[in-house]
Structure formats: C-alpha cells, structure tokens
Amino acid sequence: MTQHTRAKSEAFTPSGQIQFGVFFQGVNSGTIWKAAESGSQTDFESFRRIAQTAERGLFAAFFLGEGLRLREHLGRPHALDVVGRPDAQTMLAALASVTKNIGLVATQNTTYNDPADLAHRLASLDLISGGRAAWNIVTTDNAWTGANFRRGGYLDHADRYKHAEAFVETAKRIWDSWETPDGPARRVVHHGQHYTVDVTPRLPRSAQYRPVLFQAGDSPEGRNFAARQADVIFSAHPKFDDAVEFRKDLVERSVAAGRGANAVQIMPASEFILAPTAAEAAEKKAWVRSLQIGPQQAIAYLEQFWGRELSSYDPDGPLPEIDPVVEETSETRGSGFHGAKARQLADQWRAEAKDKGLSIRQFVTSKTARVDSTFTGSYTAVADQLTEYARVGAVDGFNISPWLIPTGLDDIVNHLVPELQERGVYPTEYRGSTLREHLGLETPVRLPDGAVEAVRA
C-alpha cells in the first residue's frame, strides 16, 4: 500500500448533531409515480426542484443511485419500473450548476468501470462543483448485469470486495498523486488480477482534496471494507437500538483498521411520513402505503418469486395455492429479489398470510413497507426522537428516500428542520463550501514520506 491513515486511539465522541441527505431512488415501489402530485423520474426539473429544496433545508448531500440494466420481470422489461434512471454523474454535473452548497453523491460500480477513468470523472465533478462530489462505492458480480458491458460478468462473488478494494486504492492513489494542489503529479502504476493501470493523473486536487467516499455494504466483509476505506457508510440500521449496536460494531472495526473511532460516519436509509399531529400522520401513512403497493405491484411482487403469471388472482384475495416454478429467484428485479428459495418461501408466506388474515395486497404491503426505516408522527414527536439519536451518537444523519418526487421533502424542510434547529441538533448554516466540511469529516493530507494522514478540517 502506498497510502495509509495513521492509527488513532481516541474513543468515539458523539457530535450531538443530525445531518440529512436525500436519496433520489427512481425505481422501487417506495417512490410513488402515479399520484396526481408526482413528477417525472427522468425530467431534470424533478431533480432540480428536490435538490434545491434539500439545499434550502441545509441537507449535506443529494444522493443518486445507478441503473446498469433495465430491470426485467418474467423475462421482459418490468413495466412498473417505468424507464430506469439517468446516469448519475451526468445528472450531478447538471445539478452542480443550479446549487451552491449541497454535496453530490454518485453511485458508481467498481466491477464495470475502469479505475483511472472513474477517478478522472469523479475528480472532474469534484472540481466543477467546488469540492462537493462523493462516490457511493458499490460492487456487482452477476453476469446478467455484466452482459450490458464489454467485459461481461467475469467476477466471482467471493472476489467482489477484493476487487473493489484494489479499485478504490488505485483511485485514491490517483487523487493523492499531486505533490502540491497544482502539481506535479506522480505516475500511478497498478498490475492486478482484473486490470492494469499506468497513468499520470490529469486533474489537480479539488477544494476538499478528493471526493468523499460512501459505501453501503452490510455483510462482515462490507463493514470491514467500509471501516478501511469509507468516510460515510449508508447503513440499513435506522431503528434506535439497532443503530446503537451498528455504531459500536463499526467503531470497533474502524479502530482495528487503524483509523479513528469517529473516522466513519453513519447515515441509514430512512423514510419520513410527517404531519402536524400523530393522527394526521397515521392517516397520511395509510394513504402512502395504498399508493406504494397497488393491485399491479402486489401481483407483480408475487410473480417474481413464483416465476409465473398470477394475473388471474384477486389482489384482495388469498395468496396463490399453486407453487412457484423457480427454485431460486434471479437478480433481474434487483438485489431485493435475488437468491430467495422460492418454494420454501411460498409455503412460509401462505401460512403467515393465513394466520394474519391478510390478502395478497395487504401481505405484499407488509413485506415491502419500510417498517424498520420509517419515522411516522408529528413534527415535534419525530424531532424529539431524532434528538435522542444525536445525544448518544447512534447515527450521524439519515439518508431520506422521499415517497413523493419532487415535493416529498417540503414538510421535512419546512417543519421538521426548524424543530431540530430549535433543539440545537441540526445545522443552522453550511459549515463551509465543501461536502467534507459540511459533514465535519477529516481531510486527507499528504505527508513528506508520501503517506496520507487524515486531519480534521
């Protein structure tokens, strides 16, 4: 390794603050695209409006996923997914011109990109945005996605994090190769199992030194990868007790990796359904759920696991009595469907639905609703709840997936943010001009011996 951070021994210290990011998903049933209030998932206006609303609410980051292949359902394009998602870096470059402060996070896959090319494109976004770019590092190994790329699906599942780590290390070496902010740059050479790089970087450092690194792995390997490489982990543990345990685990892994206890921030994926009173919030939640899973979505959800047409079944009736025709579900509808043992699952689901007296639609709603990641209640009650997260340092913030685009952040920005500011747990202004400053992250600085040390900005 040509770079490292110097080991630190300090204990974890809660910041006492909550940050928000917004995750513009584009696919999955969590975002409602059929309501009268819904916008387009591809028009720039949808992205501009929600990014500017988030910036008005002092959100740290605007977060985009990626779609490397149009999802399929029963062997054909999945009509309920509409038309997928625009390229993240292209969209974020456009948003950089209509925003001034908010961070711009691009999900980019390590399997189907070239490290030198991706490092250059992310450095370009970081420079033109004035130091606001971030990379959400994801890995994919399946051949179905790989078929859309020149090199195909060539990566064994067991090797995906080994490959990703070499990829990220190479990108970091490219960004760290400048002797001074203006140059000259060192030549970067890497000879590995999957690619060879021999490149002299073409762009100087950005205002935040290099893009912020997000990562979302939850397996032991994914957590270790984040502990070694990431600045922020996009977790799946928003519930309080679970979040506290996840923090403890990640601190231990970060320290074991030779980094500080506060080196990796945690921002779980979350959904907020808010209103002036608890009763109104509960009513709104029922309306949201009814639109997230309509009759078509309910039947299509089961069809993916059954592997056959189920359109003759009544969405308000019991689960199908016939068995699935597949043993293992595929990745064609996304990772949430991949690998389930379909026949065993069908038996479990029929028994569960019968015991609970649930129809197909009610059952699918119970399976797809973000039970563990939804904050429902009045503005004041949810603000009190989040204040407790800040007090103990359970998380550093939440990455919010709006259930409606482009107005899904309005009540959060107009009502929840002021409540949090009154409690002293939410920023009242942007801390600086870069994403690294907004998040309070350490800035990597090159030392005379060529190593890289993280220092507080």
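The values are calculated or read from the model by the stated rules, or taken from the named source; none is laboratory data. This one's a predicted model, so the numbers in the text were calculated from it and none came from an experiment. Ideal geometry is used to build each Cβ from the backbone, glycine not excepted, and the neighbour counts take in all protein chains shown. Surface areas here come from the heavy atoms of the whole protein model, side chains and all, with no ligands, DNA or RNA. Shrake-Rupley method; radii C 1.70, N 1.55, O 1.52, S 1.80 Å.
Of S312, S330, which residue is modelled with pLDDT of 90 or more and in a loop (DSSP other than H, G, I, E, B)?
Working: S330 fails: modelled with pLDDT of 90 or more.
Just one listed residue meets the conditions, S312.
When V188 is tested against (1) surrounded by fewer than 16 Cβ atoms within 10 Å (Cβ to Cβ); (2) touching a helix residue (DSSP H, G or I) at 6+ places or on another chain (Cβ under 8 Å); (3) more than 21 Å from P14 (Cα to Cα); (4) hydrophobic (A, V, I, L, M, F, W, C), exactly one condition is not met: (1). Whenever a residue of region 277-305 is on the phi > 0 side of the Ramachandran plot and assigned to a helix (DSSP H, G or I), it has no partner that is open to solvent by 20 Å² or more (accessible area, probe 1.4 Å) and of a type in the set (A, V, I, L, M, F, W, C) lying with C-beta atoms less than 8 angstrom away and at least six residues away or across chains. Collect the residues in region 225-247 that are of a type outside the set (V, I, T) and farther than 18 Å from D372 by Cβ, keeping them in residue-number order. Of everything in region 225-247, those that are of a type outside the set (V, I, T) and farther than 18 Å from D372 by Cβ turn out to be F225, A226, A227, R228, Q229, A230, D231. Reported count of residues in region 205-220, each being under 23 Å from D114 (Cβ atoms) and touching a residue at least 40 places away in the same chain (Cβ under 8 Å), is 10. Filtering region 407-427 to residues that are open to solvent by less than 40 Å² (accessible area, probe 1.4 Å), within 11 Å of L386 (Cα to Cα) and outside any helix (DSSP H, G or I) leaves V425, Y426. In the set (1) out of contact with any Ser or Thr (no Cβ under 7 Å at 6 or more places or on another chain); (2) among the aromatic types (F, W, Y); (3) free of Cβ contacts under 8 Å to residues at least 60 places away in the same chain; (4) outside any loop (DSSP other than H, G, I, E, B), F272 fails one condition alone, (3). Counting only helices (runs of 4 or more DSSP H) that sit completely within region 87-185, those holding 3 or more residues that are modelled with pLDDT under 95 and under 20 Å from the mean Cα position of the chain (by Cα) correspond to 160-175.
Could you tell me how many of the residues in region 186-198 are more than 30 Å from the chain's Cα centre (by Cα) and part of a loop (DSSP other than H, G, I, E, B)?
The initial filter retains those residues of region 186-198 that are more than 30 Å from the chain's Cα centre (by Cα), namely 186-187, 189, 191, 198.
Adding the requirement that they be part of a loop (DSSP other than H, G, I, E, B) leaves 186-187.
Summing the residues that are more than 30 Å from the chain's Cα centre (by Cα) and part of a loop (DSSP other than H, G, I, E, B) in region 186-198 gives 2.
If you go through region 199-216 and keep only what is farther than 16 Å from F167 by Cβ, part of a strand (DSSP E or B), touching a helix residue (DSSP H, G or I) at 6+ places or on another chain (Cβ under 6 Å) and of a type outside the set (S, T, N, Q), you end up with just V212. The listed residues are G16, G26, and the only one of them that is part of a loop (DSSP other than H, G, I, E, B) and open to solvent by less than 10 Å² (accessible area, probe 1.4 Å) turns out to be G26. Scanning region 124-152 for residues that are farther than 25 Å from Q265 by Cβ, buried (at least 17 other Cβ atoms within 10 Å of the Cβ) and of a type outside the set (D, E) yields N142, T145, G146.
Quick check on this structure: which one of S433, S401 is within 30 Å of T180 (Cβ to Cβ) and hydroxyl-bearing (S, T, Y)?
On inspection, the qualifying residue turns out to be S433.
Annotation: of all residues in region 263-289 being open to solvent by less than 50 Å² (accessible area, probe 1.4 Å) and among the polar types (S, T, N, Q), the one that is farthest from the chain's Cα centre (by Cα) is Q265.
Annotation: Q265 fulfils all but one of (1) among the polar types (S, T, N, Q); (2) under 20 Å from G16 (Cα atoms); (3) modelled with pLDDT under 95; the unmet one is (3).
Scanning region 227-276 for residues that are over 18 Å from F24 (Cα atoms) and of a type in the set (G, A, S) yields A227, A230, A243, S254, A256, A257, G258, G260, A261, A263, A275.
If you take the residues of region 167-185 that are touching a helix residue (DSSP H, G or I) at 6+ places or on another chain (Cβ under 7 Å) and among the aliphatic types (A, V, I, L, M), which of them is farthest from P268 (Cα to Cα)?
If we filter region 167-185 for residues that are touching a helix residue (DSSP H, G or I) at 6+ places or on another chain (Cβ under 7 Å), which is where we start, we get 167-168, 170-171, 174-175.
Those still in the list that are among the aliphatic types (A, V, I, L, M) too: 168, 171, 174.
Working: V168: 22, A171: 25, I174: 29 Å.
Checking each candidate, the answer is I174.
Summed over region 227-262, the residues that are among the small types (G, A, S), over 20 Å from K172 (Cα atoms) and surrounded by fewer than 23 Cβ atoms within 10 Å (Cβ to Cβ) give a count of 4. Considering region 70-117, and only residues there that are among the β-branched types (V, I, T) and touching a Leu at 6+ places or on another chain (Cβ under 9 Å), the residue that is most open to solvent (accessible area, probe 1.4 Å) turns out to be V83. R187 fulfils the conditions (1) within 26 Å of R253 (Cα to Cα); (2) without any contact (Cβ under 8 Å) to a residue 40 or more places away in the chain; (3) among the basic types (K, R) except for a single criterion, (1). Taken over region 357-389, the residue count meeting the criterion of being modelled with pLDDT of 95 or more, of a type in the set (S, T, N, Q) and assigned to a helix (DSSP H, G or I) is 3.
Could you list, in sequence order, the residues of region 29-56 that are under 21 Å from P238 (Cα atoms) and either β-branched (V, I, T) or assigned to a loop (DSSP other than H, G, I, E, B) (or both)? Break it down into steps so the answer makes sense when it comes.
Taking region 29-56 as the starting set, the residues that turn out to be under 21 Å from P238 (Cα atoms) are 29-31, 54.
If the condition is that a residue be under 21 Å from P238 (Cα atoms) and either β-branched (V, I, T) or assigned to a loop (DSSP other than H, G, I, E, B) (or both), then S29, G30, T31 are the ones that fit.
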